[in-house]
Each structure stands twice: as structure tokens, then as C-alpha cells.
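The values are calculated or read from the model by the stated rules, or taken from the named source; none is laboratory data. Given the structure is predicted, the values throughout are model-derived calculations rather than measurements. Heads up, the Cβs are rebuilt from the backbone with ideal geometry, glycines too, and the neighbour counts pull from every protein chain shown.
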Amino acid sequence: MSILVGKQTRLLVQGMTGREGSAQTERCIQYGTTVVAGVTPGRGGEIVLERPVFDTVREAVKATQANVSLIFVPPAGAADAILEAAEAGIPVVVCITEGIPTLDMVRVKRALRGSGVTLIGPNCPGVITPGEARVGIMPGQVFLPGRVGVISRSGTLVYEAVDQLTALGIGQSTCVGVGGDPVIGTTQTQALAMFNDDPGTDAVVLIGEIGGTAEQEAAEYIRSSMKKPVVVFIAGSTAPAGRRMGHAGAVIAGNQGTAAAKKDALAKAGAVICGSPAEIGATMAKVLKR
Amino acid sequence: MKIHEFQAKQLFQQFNVPVPRGQVAATAEEAKKIAQDLGGKVVVKAQIHAGGRGKGGGVKLANSPDEAAKVASQIIGMQLITHQTGPQGQKVQRVLIEEQMPIERELYFAILLDNAIGMPILMASAEGGMDIEAVAANTPEKIIRIPVDPATGYQPYQGRQIAFGLGLRGDLLRSAVQLFGALYDLYVSKDCSLVEVNPLVVTTDGRLLPLDAKVTFDDNADFRHKDLVELRDKDEEDPLEVQAHEMGILNYIKLDGNIGCVVNGAGLAMATMDSIKLAGGEPANFLDIGTVNDSERVVNALKIITADPAVKVVLFNIFGGMARVDVIAQGIIDAQKQFNIDVPVVARLAGTNVDEGEALLAAAKVNVIRAKDLGEAAKLAVQAAK
């Protein structure tokens, strides 16, 4: 078992004909993901990577029964691409694009409310269910099938955490990069709830960072509802206040945005806190032995 | 991107928000002339991006054109230190000369994003002119927060809720509803991340005016606001950060330590800084090199980092996903060919194309201290910096 993507995934890639889009789609195919189509307006009818390209998502879904979309469309057109996928009835949309204007995402999030569409990202590495489907940009070789879920705002910290887990023989059920932007489709709390309900997941690694209050909300969920152990690392303990640390969402404003405040809330909720990013794997190993 | 108060007020006027009469001056003579035009009694306000200017001595009253010139000459060129500038302060290049306002009440109003609900909120308080975060922490009940649904935009009833909450009635109520709506228009149409008026004042003659104005733009929306680019003031930014930006290194932030960092991904970059600190060292910068497609960017990153005289070692922590380790390795090799990197380089390389990257480094025989993981990389860098 897993969440969001797996053997059942029939992947469509919006922006498959672009440089990154095609390179990453090729890696998805090599990993064993079922990639069924690409969408690039104006390139309909072409064959790329032995897959048909369509002008619209609607046409692609009708022809291929795609059920997950992966988006590599540049920032100016990314919100439009997400809404097109949602309108075409794709239930899981994963948007990799970094640099989408925040107000575009505000409108997208509002439009998706109540639609039943799960958006992952944007500004994220995607979702991977090891051994089944890679829907994103992660280095596939570091992942190992297993029973630990991983949730992270940062992409490269997913790889870092997974590398440590895999080195210790701890496999992963699904790894979800929820994204580094202030407005994202699926929050850490929503991803935690998915893992909580997944019979294939025994424990979860949650990687947060400075800025916003998403970790405090996750803490409240852990306290009230989480049935599985959660190991946490929060990046940015040493970040200066008031500066945007790369991720648009990673700016400390007020006391709640600090790493200390987040760790405190999560520790009180019963999560196990890693002080060092180098000890995520080892901490999970200890938790699983208990 | 941040802008100055006088620029924010010019934007306010474009959106039909009334502001006090005033003009910006770069010299004492200009300040005097403007004060004369305004009738003599003015406020002289230092124009720097940081807040807390008043407490730092950057805002002063002048009751005649001569006094305005004198005060302006004191403020222009000063190194203004506030709680937001850091101990070195920020040099004042210009002052805003404004008519003095007969103030009856000071309020607070802002529009910003509430990440938790993914919507803009209108935020207001009758406790204006104060540090709003202190008000929020000590007396949260004094802050009014109203989310604006992006599907409908600002509605007058929301303005009335705030206005009544602030005790504004009659003509002031109508002014407030119009003013909040105009500022919301500005917030949306210019892709702002913050519009803040602190204080928003009620004058003794019954007007509602922004006495101060702060506007910050969402950098992600730069591409559709070419007109805003000219508002950028590079004097307000760290020179190395400006240079980095011009070389395509968009996510470089200078810090005070001596261990230069090149990392892919913002989260890993922060975690690397944290690891350095845990190992007893201090990072010299935050740098997310992003998705590297050409080695030139790595060379530029090394140029920027080694341009900081405090840097004693450069730490590469790369976990390739979309970024490729072989491109990073080629960049390190190219940089050592192009210029003399006179500090040790520590590298932890993993992920996409790591074998190709290792092969390149081995063949080029460059002097790089290798680390097998994040913890070891931080320890080696701290040792090398000593």
C-alpha cells in the first residue's frame, strides 16, 4: 500500500516536450512509472518518448485514462495548467514548477476547494512510491520500498532523509514533497492524515522549515489524531529573521515562524524531534525498535 | 522586493488613496524648497527600507523651511540604526518632506497573506503607531482580521466591519471603506506580499490618511510587472547579494560566519547551515544554487562566495535531483582553472549522476576534501576553517 501514486498510476505530463519536462519524464519511465501521455498546446499529434502528445488535457484523459498529472509548465502558465488538469477530472495533480506568483496560487487553491482534486506542490520534488511510481524529479536510486512515509517542504531534504533511511535498511511507503511555497495544494497536516489512514505505513518522517504556522497545525493533528510515530526535523534553526531563505515560504515573521517554536509545538504533541539533519535515519531506527 | 515610503505613497496615489502632501529630497536645499512650498511646517523622514526609523532618529519635525534644511542635512548621509538594520545601520540617501498632520487618532491597517488559509487578510487595529507584533502577542483581541475570498475580492461590508471595529463613523466610515478597497486593488493588481499603513491617522479636521506606507512585492510576479523594476534601490541591498543576483545566483544571502556554502535546494541549504552550527562553526552565507544546467553557475557561485574576505573554506553539499552532480563537479574543476581558489573546498556529493561527477573530479585531480555524508561534511568544513 501507499498514498497518492503507485502501480495504479497512469501518468500524464504537462510540459513533457520542454527540456526538463522531457528529461524528467524519461527518468520516470526508466523508474517503471506508467507514463501514458504528454500535453503541450500546439504539439498535439506528435510522439515524444514513445508517448502521444495532446493539445489539451481533456483530449489526453479521454484517449489514455490518465489519472495523475505531473506539471513542468513555467511559472507564468503553471496556475492555468493546474486548473486545466483539475477541469479535465484528474484526481491527483503534482506541480513541480518553482516561482509561481503567490496570488495565482491563492486563486487556484480557492478554485480547487470542494473539487475533490488533490494538488501536490507547487515548488516541490513530487511524489514517489518506491518500486512503483516516480511522479517528480527525485533521484530514484536512493529510495527503497518499505513502510515509512516521508513528508517534506524541501525537495533535497527528502533525498537527504531517504538516503539515511535506505542506508539503514528502512524502506519507504511513499515520499511526498509538499512544496516550499506559502500557498500549497496539500499541507503537511493533510499528508499526515493520508499516512495515518494508510495500512502500508508504520511511521512518518516529517521535515518542516521556518516560516508560517503549518508545523503548528501538524502538531495539533499529531496530538489529536495521529496513531503512528512521527519523527521530525525542522530546517532553519540558524536562519536570520526577516530574510527569505530561498523558499518563498521560508521567512521568519513573528515568533511562530521560528524553528524553536515549531520544534516546541511538535515535541509537546508527542513527535520525536531530531536536533541534527544528519540523524533523521538513526532517530527513525530507534523509534521503530521501540 | 521592498520599496521606500515615498514610492509606496506614489503608488497609493495612483490607486486614489489620499496621502499627505510631500516630496522627496536628496539635499538640504531641496528640502528647504519643498518645505517652503508646503507652508513651512513639515516632517522630515529618512527614506530607508528598514522600519523603526523614528526611534533611530530618522524622523523629525521642522517648523520652518530653514529648520527643514538643517534637519535634512543632519539626516541625509547619516548611518541610521534601527532594530531592523543591524548594528551597522543603513546610509540615508534621501528624505521625504511632508506637511505636518493634525493627528487625532492613530490606527493600523494592513493587507497580507494568511498562509494557513491561503487567502489575503485585511488586518486592522485601533492601536496604531505601535509595533503590531507586540500588539498581536500581548493583546490579540485588539486585532481585527478579515479574510478576503479571492473569488469575490474585497466587499464593502468587510470594510464596514473593520471601520466599525475601529470606531469610525459618518464620513470617516465612507472614507475607510473606499480606502481599504483601494489598497486591496493595489495589493492584487501589483502582486504585493504586504501593504501596511502604520499609522493610518484620523486628523482633527476629519480626514483619514496613511501617515506611513510600506509595500512589498512578490518577487515571483516580477515577470508581469516590468514597471516596478525601476523602484528597486540597490543601495539598500548587500553589494555581494546584488552582484550575485546579476550573475544569476538568485538565492544568495550573506551571513556573518566564515564557512561558505553551496547547496542545491533551499531546505538542504538551511539544514547545512544548521549542521555547521551544530559542529561548532558559523556559515558565511545561504546559497541555493537551484537546478544547475551549466557549470558556469557553479563558477559564479564560487566567485561570489570567495569574494567575501571572511570565508575560510567552501562547503559543497549537493544532493542531485533535478540538479546533476556531474555539472557541479565540472563547475568546481572550471573554477579552479579560471581563478585561484585560495581556501580549501569540502564536498559532499550525492544523487543524480554522482558516479559521473566522481569520475570527473578524479580525472581532473583537483584538490577537494571529500565527505561521505552531511554530518561529516559539516565537521570537515569546521576543521578546515580553523
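Of note:
- Condition check for residue B:263: in contact with a helix residue (DSSP H, G or I) (Cβ under 6 Å, 6 or more places away or on another chain), at negative phi, within 13 Å of another protein chain (Cβ to nearest Cβ) and of a type outside the set (Gly, Ala, Ser): yes
- First in segment B:49-66 and assigned by TED's automatic domain parsing to the domain that holds residue B:131 and in contact (Cβ under 8 Å) with a residue 12 or more places away in the chain, second anywhere and among the β-branched types (Val, Ile, Thr) and part of a loop (DSSP other than H, G, I, E, B), Cβ under 7 Å, 6 or more apart: none
- Within segment B:266-289, the residues that satisfy the criterion of being in contact with an Asp or Glu (Cβ under 8 Å, 6 or more places away or on another chain) and within 9 Å of chain A (Cβ to nearest Cβ) are B:266, B:267, B:268, B:269, B:270, B:271, B:276, B:282.
Residues checked against (1) in the same structural domain as residue B:11 (by TED's automatic domain parsing); (2) crowded, with 19+ Cβ neighbours inside 10 Å:
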site: B:156; (1), (2): yes, no
site: B:170; (1), (2): yes, no
site: B:180; (1), (2): yes, yes
site: B:193; (1), (2): yes, yes
site: B:224; (1), (2): yes, no
site: B:250; (1), (2): no, no
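- Listed by position, the helices (runs of 4 or more DSSP H) contained in segment B:118-193 that have at least 2 residues being within 14 Å of chain A (Cβ to nearest Cβ) are B:132-138, B:171-189.
- Residues (within 15 Å of the chain's Cα centre (by Cα) and within 18 Å of residue B:151 (Cβ to Cβ)) located in segment A:83-120: A:117, A:119
- Segment B:336-357 - residue that is away from chain A (no Cβ under 14 Å) and assigned to a helix (DSSP H, G or I) and, of those, nearest to residue B:316 (Cα to Cα): B:336
- Subset of segment B:245-260 [in contact (Cβ under 8 Å) with a residue 40 or more places away in the chain and within 13 Å of another protein chain (Cβ to nearest Cβ)]: B:249, B:250, B:252, B:254, B:256, B:257, B:259
- Among the candidates B:350, B:385, B:371, residue that is touching a residue at least 40 places away in the same chain (Cβ under 8 Å) and either touching a Cys at 6+ places or on another chain (Cβ under 7 Å) or buried (at least 20 other Cβ atoms within 10 Å of the Cβ) (or both): B:385
- Taken over segment B:333-369, residues that are under 22 Å from residue A:161 (Cβ atoms) and of a type in the set (Lys, Arg) amount to 1.
- For segment A:273-286, filtered to residues that are under 23 Å from residue A:214 (Cβ atoms) and surrounded by fewer than 17 Cβ atoms within 10 Å (Cβ to Cβ), the residue that is farthest from the other protein chains (Cβ to nearest Cβ) is A:273.
- For segment A:134-167, the tally of residues that are acidic (Asp, Glu) and buried (at least 24 other Cβ atoms within 10 Å of the Cβ) stands at 1.
- Scan of segment B:290-314 for residues that are more than 26 Å from the chain's Cα centre (by Cα), of a type outside the set (Val, Ile, Thr) and more than 13 Å from chain A (Cβ to nearest Cβ), ordered by number: B:295, B:296, B:312
- Selection count where residues are under 12 Å from residue A:40 (Cα atoms), in a helix (DSSP H, G or I) and within 13 Å of chain B (Cβ to nearest Cβ), scope segment A:67-88: 1
- Of all residues in segment B:76-121, those being without any contact (Cβ under 8 Å) to a residue 24 or more places away in the chain and outside the structural domain of residue B:60 (by TED's automatic domain parsing) number 3.
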